[in-house]
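Structure, as structure tokens:
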Amino acid sequence: MRPRGRRGAGGSAARACRGRGGDGRARGAAVGPLPSRPDQQPGIGPARRSITMAKRRYTVGIVGLGFGRAHIPAFQSQGCDVVAVCQRDAAKAREVAHRYGVPRMFERWEQMLEQARPDIVVIAAPPAVHHVIAVEALSVGAHVLCEKPLAMNAGEARAMIEAASRAGRVAMTCFNWRFPAAMQRLHAMVDAGFLGRLFHVSARYMVPRWADETAQPTWRMDRTHAGHGAMGDLGVHLVDLIRWNFGEPVRVSASAGIAYPTRTVPGGEKPADTEDFCTVMAELASGAQATLQVSRAARAANEQALEAYGSLGALRYRLAREGGRWYRGELQAASGTTGFAPVKVPAGLPRSAGEGDQIEVTGKATIGPLVKRFLAAIRKGQSPSPSFEDGMRAQAVLDAVAASAGRGGWVSVEGAPR
């Protein structure tokens, strides 16, 4: 978006990694029986290895080792073999490979696909290359887990869905913030009708990464690589949580800004042009209202929060990087005339799991459960959740937010129910 002005699954880990490749159709598409021979698998020629019932462990290749590093312990914790990592910075690739015991490293993703031939490809590179990597990985028979935002725009995302369908592979979007225990509990309560008819919901996601003007610039500040700024980094997760829990946004109005307009992208050849903060008003298909606020320039803040109010009850969710079990989140509920009271959620990982390297903690605690579902979908030949379809729907909302922030006013979300 172009800101206006200068505004401030089931089974053990071992069982999860056994089985056969499945179908990668968009949610709601029919899934037929799995082919019985390798050369009958959709999109896979005889030279491509099949994933058979006799295969004990899936192999994984990861492209991009920034946040992508979180995926290594996530897959390893589910009994898979991470056999290759890919990063243009060869020194970083070597360091990560050595740290996690990954046997092969590559500077080019094309070489990784051709030489390592992983069963699963994780895409955690900048969004500008998500589409091309996903289409190629799917075409050679790999299942794909792609970081968010899924693509640069909804059109690219739709092409990725079509590629997965043609290949007959499983394709998942990494919306890992569905998986804290408190968010899972909130979802179950909403599904059970605790709120009654939803009136309004508000959500925020605040981090301090670029609150300081001297912070090192990265590709995330460059629209040609990132597509979006704070909305792509943070807001897309809120969009997904609202869609998953409360239904589709049908139109949005947004305002966005850059914290330090004089800051440049890496190399200094042009000013940073992705938003650091954004506020969105949205109307949902149900008629309920939603507000979203995101910032990657929120000094001293590092939290997600969501509040929902309906005709029968209210829910408050918060997840902050505080304490040994921060990754569980916190949930409060109110009904009738009573005030908010804590809702008990499962303890999850041991208390010590929230300490140490926070990328590893995020991987094990929030991506690990997502990977478990991904592997179950592969094993059963089903579409996963969150799917590429979920990623595309969230992308359509980002496109509308960008349009509104650029020109002002309300913008309809492409493909949303009317």
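Here are a few things to note about the model shown:
- Which listed residue is over 17 Å from Phe175 (Cα atoms), of a type in the set (A, V, I, L, M) and in contact with a Phe, Trp or Tyr (Cβ under 9 Å, 6 or more places away or on another chain), from Leu319, Leu375, Leu306, Leu315: Leu315
- Exactly one residue among Arg94, Arg99, Arg88 is assigned to a loop (DSSP other than H, G, I, E, B) and surrounded by fewer than 20 Cβ atoms within 10 Å (Cβ to Cβ), and that residue is Arg88.
- Residue among Met152, Met160 that alone is within 30 Å of Ala272 (Cβ to Cβ), hydrophobic (A, V, I, L, M, F, W, C) and in a loop (DSSP other than H, G, I, E, B): Met152
- Selected residue (criterion: nearest to Ser165 (Cα to Cα)) from residues of the range 364-414 that are under 13 Å from the mean Cα position of the chain (by Cα) and charged (D, E, K, R): Glu389
- On the stretch given as the range 259-269, residues that are surrounded by 21 or more Cβ atoms within 10 Å (Cβ to Cβ) and under 16 Å from Gly227 (Cα atoms) total 1.
- Screening Met392 against (1) in contact with a helix residue (DSSP H, G or I) (Cβ under 8 Å, 6 or more places away or on another chain); (2) under 18 Å from Phe179 (Cβ atoms) leaves a single unmet condition, (2).
- Residues (among the basic types (Lys, Arg) and in a helix (DSSP H, G or I)) located in the range 179-203: Arg185
- Some residue of the range 206-223 being modelled with pLDDT of 95 or more, assigned to a strand (DSSP E or B) and either surrounded by fewer than 24 Cβ atoms within 10 Å (Cβ to Cβ) or among the small types (Gly, Ala, Ser) (or both): yes
- All positions within the range 241-258 that are surrounded by 22 or more Cβ atoms within 10 Å (Cβ to Cβ), in contact with a Lys or Arg (Cβ under 8 Å, 6 or more places away or on another chain) and part of a helix (DSSP H, G or I): Leu241
- Residue tally, condition surrounded by 24 or more Cβ atoms within 10 Å (Cβ to Cβ) and within 24 Å of Ala226 (Cα to Cα), over the range 141-160: 12
- Members of the range 113-125 that are buried (at least 20 other Cβ atoms within 10 Å of the Cβ) and part of a loop (DSSP other than H, G, I, E, B): Pro118, Asp119, Ala124, Ala125
This table checks each residue for (1) closer than 20 Å to Leu241 by Cα; (2) out of contact with any Asp or Glu (no Cβ under 8 Å at 6 or more places or on another chain).
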position	(1), (2)
Gly356	no, yes
Gly363	yes, yes
Ala377	no, yes
Lys380	no, yes
Phe388	yes, yes
Ala396	yes, no
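- Pair list, Cβ under 8 Å, 6 or more apart: the range 377-405 residue part of a helix (DSSP H, G or I), other residue of a type in the set (Asp, Glu) and surrounded by 24 or more Cβ atoms within 10 Å (Cβ to Cβ): Ala405/Glu275
- When Ala151, Ala259, Ala181, Ala164 are checked against the criterion of being of a type in the set (A, V, I, L, M, F, W, C) and under 22 Å from Trp326 (Cα atoms), Ala181 stands alone in meeting it.
The values are calculated or read from the model by the stated rules, or taken from the named source; none is laboratory data. All values derive from a computational prediction rather than experimental measurement. Cβ: placed from backbone, ideal geometry, glycine included. Neighbour counts: every protein chain shown.
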